[in-house]
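S.K.: Following this message is one structure expressed as structure tokens.
Read the figures in this text as sums done on the coordinates, not as results from a lab. Because the structure is a prediction, the values reported are computed rather than measured.
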Amino acid sequence: MTVATQDITDDLRRWIVAQTETGCHAEDVLAAMRASGWAEGVAAAALEQTLRERLSELDRGAEAPAARSPVPEPDLAAAPTVLQVGGREARVLVTMQRPRVVVFGGLLSDDECSGLMALAAPRLARSETVDNATGGSEVNAARTSDGMFFERGEAPLIATIEARIAELLRWPLENGEGLQILRYGPGAEYRPHHDYFDLQHPGTPRILQRGGQRVGTLVMYLNTPEGGGATTFPDVGLDVAPVRGNAVFFSYDRAHPDTRTLHGGAPVTAGEKWVATKWLREGAFV
Ligand code: PD2
Ligand code: ZN
């Protein structure tokens, strides 16, 4: 039986293969898919089809395909020092190839930064991160900030910024998650992590149902903390200073640490740090 391609994404395929190759029984994989909302028939057919394809791959002695996703990417072919986006000039301050990182200056105006903080402030609550077991969310000691999510396009300011990001990164607006605002107080940090969803975790298929994998992140700084708060990339020893209106973009073409996109928010040593994060999915986030 063939299942419609939208039912088995590359990520679901990789997740099924990862589960079975780490010793999980097919029935348990099926149960995890059922628990995360896949219809019985679709889950069973996806599992069967994926395992049959994987077996024939192994028979042929083939390596698993590298399966790299297209990723968001600003137009830097001509090595511009500024990019015109949505009526603003974003300066290109730093670029790095591996990990793919681009630091922008002046992506947001001071008024836009203040406007986002004012809209978010009454809705902030202790940040939650994805619960790997279920695909839901949980309060996590590795992340000591307060946060909230806007709906995509929920206010004119949000829509303006989202349109600018889509143009800057040449990635469809509807592939973006709603903007997340984080406020870190003194001592707060976000310990190093990857932003993609780990294919080994049982909750991942449920998360991937909305737009597939994350393939890029844009962290925009809404203020300049008095001390600390850099965004760090420990694999490559890169620290990006948090400066109001600036932003750091990074992309990952597969859900794997070899993208070197491990990153964290260093502890704030004085004052507060506010950021807005836009995560970009491979497909439409609905
Ligand atoms: O606030 C940051 O610097 C930071 C660091 C790591 C934000 C995120 N990750 C994120 O929002 O994913
Ligand atoms: Zn992150």
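S.K.: So if I average 1/r over every pair of distinct C-alpha atoms in region 148-248 and take the inverse, what Kirkwood radius in Å does that give?
M.R.: Computed over Cα pairs of region 148-248, the Kirkwood hydrodynamic radius comes out at 15.6 Å.
S.K.: OK, next. Could I get the Rg over Rh figure for region 156-195? Both from C-alpha atoms, Rh via Kirkwood, rounded to two places.
M.R.: Result: Rg/Rh = 1.10.
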